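Beneath this line is the structure, given in structure tokens, with notes to follow.
The values are calculated or read from the model by the stated rules, or taken from the named source; none is laboratory data. Keep in mind the model is a prediction, meaning the values are calculated, not measured. Because the Cβ atoms are built from the backbone with ideal geometry, glycine has one as well, and the counts that use them run over all protein chains shown. Just the protein is used for accessible areas: all its heavy atoms, side chains included, with ligands, DNA and RNA removed. Shrake-Rupley method; radii C 1.70, N 1.55, O 1.52, S 1.80 Å.
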Amino acid sequence: MFNQYNLDEIRAHARAAFIGMAVGDALGATVEFMTASEISAKYGTFRDIIGGGWLRLKPGQVTDDTEMALCIARAIVKNQAWSREAVADNFAAWLKSRPVDCGDTCRKGIRAYMLHGTLETAPNEWDAGNGAAMRILPAVLFSFPDEELLKKYVIEQAHITHNNQVSDAACLCLGQLLRMTLCGAEKSRLRRHVDGLVSRLPTFNYVPYRGLATGYVVDTMQTVFHWFFRGKSFEECLVGTVNQGADADTTGAICGMLAGAYYGLESIPKRWIKRMDVKVMAEIETVTDLLVAASPFGRGY
Ligand code: MN
Ligand code: MN
């Protein structure tokens, strides 16, 4: 299907995915850990990038979701190859730089690497947080459009911190959705792919939507599926998602990458783009282009 797309189009949608992720992170972070009713009492419908929140962010500042994705992106671009060590080294340097936030499972996995060189944590039924799924985009872009490479990169980056079947299933499904979206798939096709996940693992069923948006990857993905399939624009998808509160920066980041890849750059509200950290946006544009250029697609596979 991707044959019909030229490099410029794929690159534009890849950029929109990465920018969409950062925008969703910066938007949602303000209302992270609030309940949906607390958000509506305070803001009505929350729809602007204003910073603040429990992390006291500057407007447009991103958090660990975007920063960890950039760690992976930089490792690939620097080596022009996939290297778990390079990814883990960047995670370690990032953790030492005292990031504004870091999830517990991510911290535990990165510490294990720093202390013991562990590149794959032991399987753990409790490590089903969304920390591996939130940062998969560079692995998707660098593997594009090869499905086997996609699986390898997505799971290897995940297992540095999260080795869990439910997390793996979410990561693989999201990775495939992103790949298919970059190939130009319509929502009906994407929905059928999610139906496949739900029939294998009914815990991901999101119809009827339960309204939970916690850091448990099942709740996270249900929220993203519900609002991505219901929304008619990038803005609708994102506003619906982050107004659920809870892990709103991460649901926002994941919905943002998917909706960005789907709707494209023009669909991302200018008022949100204008608020974003200029340095982060410039780096995202540069690394996204380099990831696509280094992918099998970019090299003419
Ligand atoms: Mn975060
Ligand atoms: Mn979060």
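Dipole magnitude for the chain: computed about the Cα centre from +1 point charges on Lys and Arg Cβ and -1 point charges on Asp and Glu Cβ, it is near 380 debye.
Hydrodynamic radius of region 13-94 by the Kirkwood approach over all distinct alpha-carbon pairs: 14.3 Å. Rank Pro145, Ala282, Asn79 by how far each Cα sits towards the positive end of the charge dipole of the chain (+1 on Lys, Arg Cβ; -1 on Asp, Glu Cβ) and give me just the farthest. Farthest towards the positive end: Ala282. Kirkwood hydrodynamic radius computed over region 80-135 comes to 12.0 Å, based on all pairs of distinct alpha carbons. Averaging the sequence gap over all C-alpha pairs within less than 8 Å and six or more residues apart, then dividing by the number of residues, gives region 47-187 a relative contact order of 23 percent.
In what sequence, highest mean first, do 240-248, 292-300 appear when ranked by Cβ atoms within 10 angstrom? Intermediate values should be presented prior to the final figure.
On the way: 240-248: 25.7, 292-300: 16.3.
My ranking of the peptides, most packed first, is 240-248, 292-300.
Sorted from greatest to least, the principal axis extents spanned by the alpha carbons of region 41-80 come out as 48, 18, 13 Å.
Mind listing P(r) for region 228-268? All alpha-carbon pairs, 5 Å bins, whole percents. Calculated P(r), rounded to whole percents: 6, 30, 37, 20, 6, 1. Using a cutoff of 8 angstrom between alpha carbon atoms and counting only pairs six or more residues apart, the relative contact order for region 1-91 works out to 23 percent.
Where the convex hull is taken over the Cα atoms of region 2-294, what is its projected area averaged over directions, in nm²?
Working: hull surface 54.4 nm².
Projected area, direction-averaged: 13.6 nm².
So how strong a dipole does region 228-301 carry about its Cα centre when Lys and Arg Cβ are +1 and Asp and Glu Cβ are -1, to the nearest 20 debye? Please report the intermediate quantities before stating the final value.
Working: 8 positive and 9 negative charges, 37 e Å.
The dipole magnitude comes to about 180 debye.
Normalising the average separation of contacting C-alpha pairs (under 8 angstrom, six or more residues apart) by the number of residues puts the relative contact order of the chain at 32 percent. Simple rule: put +1 on each Lys or Arg Cβ and -1 on each Asp or Glu Cβ in region 2-294, find the dipole, and look at Leu212, Ile268, Thr63; the Cα lying farthest toward the positive end is Ile268. Per-residue 3J(HN,Hα) values for region 18-27, derived from phi via the Karplus relation 6.51 cos²θ - 1.76 cosθ + 1.60 with θ = phi - 60°, read 5, 5, x, 5, 5, 5, x, 5, 5, 5 Hz in sequence order (x marks Gly and Pro).
Between Val198, Ser37, Ile155, the Cα set farthest toward the positive side of the dipole of the chain (charges on each charged residue's Cβ, about the Cα centre) is that of Ser37. Accessible area of Asp104 (1.4 Å probe, protein heavy atoms only, ligands and nucleic acids ignored): about 130 Å².
For region 40-181, the alpha-carbon radius of gyration amounts to 1.09 times the rule-of-thumb value 2.2 N^0.38 Å expected for a compact globular protein.
The convex hull defined by the C-alpha atoms of region 182-301 has an orientation-averaged projected area of 8.6 nm². Residue ranges 210-217, 181-188 sort as 210-217, 181-188 when ordered by packing (mean number of other C-beta atoms within 10 Å per residue, highest first). Taking the average, over residues, of other Cβ atoms within 10 Å as the packing measure, peptides 31-42, 134-145 rank 134-145, 31-42 from highest down.
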